[in-house]
1. Any chance the range 33-44 includes a residue that's surrounded by fewer than 17 Cβ atoms within 10 Å (Cβ to Cβ) and within 12 Å of the chain's Cα centre (by Cα)?
2. Give the residue that is farthest from N165 (Cα to Cα), with candidates limited to residues of the range 99-123 that are open to solvent by 50 Å² or more (accessible area, probe 1.4 Å) and either free of Cβ contacts under 8 Å to residues at least 12 places away in the same chain or among the hydrophobic types (A, V, I, L, M, F, W, C) (or both).
3. Does the range 2-46 hold any residues that are at negative phi and in a loop (DSSP other than H, G, I, E, B), and which are they?
4. Looking at T79, is it in contact with a strand residue (DSSP E or B) (Cβ under 6 Å, 6 or more places away or on another chain), in a strand (DSSP E or B) and surrounded by fewer than 18 Cβ atoms within 10 Å (Cβ to Cβ)?
5. Evaluate the range 61-71: report whether one residue or more is open to solvent by 30 Å² or more (accessible area, probe 1.4 Å), in contact with a strand residue (DSSP E or B) (Cβ under 9 Å, 6 or more places away or on another chain) and acidic (D, E).
Amino acid sequence: MNIILLGPPGAGKGTQSQRLVTKFGMRQLSTGDMLRAAVKAQTPVGIQAKAVMDAGELVSDEIVSALISAELAAMGDETGAIFDGYPRTAEQAHSLDDILKEHGRTLDHVIELEVNEDALVERITGRYTCANCGKGYHDTFEQPKQLGVCDKCGSTEFKRRPDDNEETVRTRMAEYRAKTAPILPVYEARGIVSRVDGMADIDEVTLAISKILS
């Protein structure tokens, strides 16, 4: 089974992908993670990607496609793939079709995590992590039991991502609507698109996705 999880940054794609990996034994394919791993391992594609990034340019669709193809080739045929953050454009969607066909695979489900923009801004701008152990917290939804002290390791140092601000979140939402959302009709025509309330409780989102895949 091969699926795509769609949704703007902060919709919960990464969290749900990890849960699907555990529940169904699937493999999460995140282009960002794959790029970093390839660069670190100095694979041929990684070396090519590093040269592009060092020049301050965006990694091409060709490089990303090569990464995905290599990952699928290394996976067993029985292992399903979760495409997280890819495809982002119509061109990448067509490339993915070709890659899957090359490896004898089909795309079974496209699941969009629907979000409310204002609520998503609150969700993202309020999150922070322990600087020591990385445990996540939120100004509104998950404060430490003892204010200012990490529940997990007892550290009193916390940090926020610099891009977790309203302007950045709304810019990313606009980019998602402009570039990624238009690929949905391609998959809707095939009857493989399902939508889930990405603003629901994490466990409820997992249950809804599991029902679709089952």
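1. yes
2. Filtering the range 99-123 for residues that are open to solvent by 50 Å² or more (accessible area, probe 1.4 Å) and either free of Cβ contacts under 8 Å to residues at least 12 places away in the same chain or among the hydrophobic types (A, V, I, L, M, F, W, C) (or both), the one farthest from N165 (Cα to Cα) comes out as K101.
3. Of everything in the range 2-46, those that are at negative phi and in a loop (DSSP other than H, G, I, E, B) turn out to be P8, P9, A11, M26, T43.
4. no
5. Yes, the range 61-71 contains a residue that is open to solvent by 30 Å² or more (accessible area, probe 1.4 Å), in contact with a strand residue (DSSP E or B) (Cβ under 9 Å, 6 or more places away or on another chain) and acidic (D, E).
Rundown of residues vs (1) in a loop (DSSP other than H, G, I, E, B); (2) among the acidic types (D, E); (3) open to solvent by 50 Å² or more (accessible area, probe 1.4 Å); (4) in contact (Cβ under 8 Å) with a residue 40 or more places away in the chain, yes/no style:
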| site | (1), (2), (3), (4) |
| --- | --- |
| N132 | yes, no, yes, no |
| K152 | yes, no, yes, no |
| E167 | no, yes, yes, no |
| V186 | no, no, no, yes |
| R195 | no, no, yes, yes |
| A200 | yes, no, no, no |
| D203 | no, yes, yes, no |
| T206 | no, no, no, yes |
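The values are calculated or read from the model by the stated rules, or taken from the named source; none is laboratory data. Everything quoted here is computed from the prediction, not taken from an experiment. Ideal geometry is used to build each Cβ from the backbone, glycine not excepted, and the neighbour counts take in all protein chains shown. Heavy atoms of the whole protein, side chains included, go into the accessibility calculation; ligands, DNA and RNA do not. Shrake-Rupley method; radii C 1.70, N 1.55, O 1.52, S 1.80 Å.
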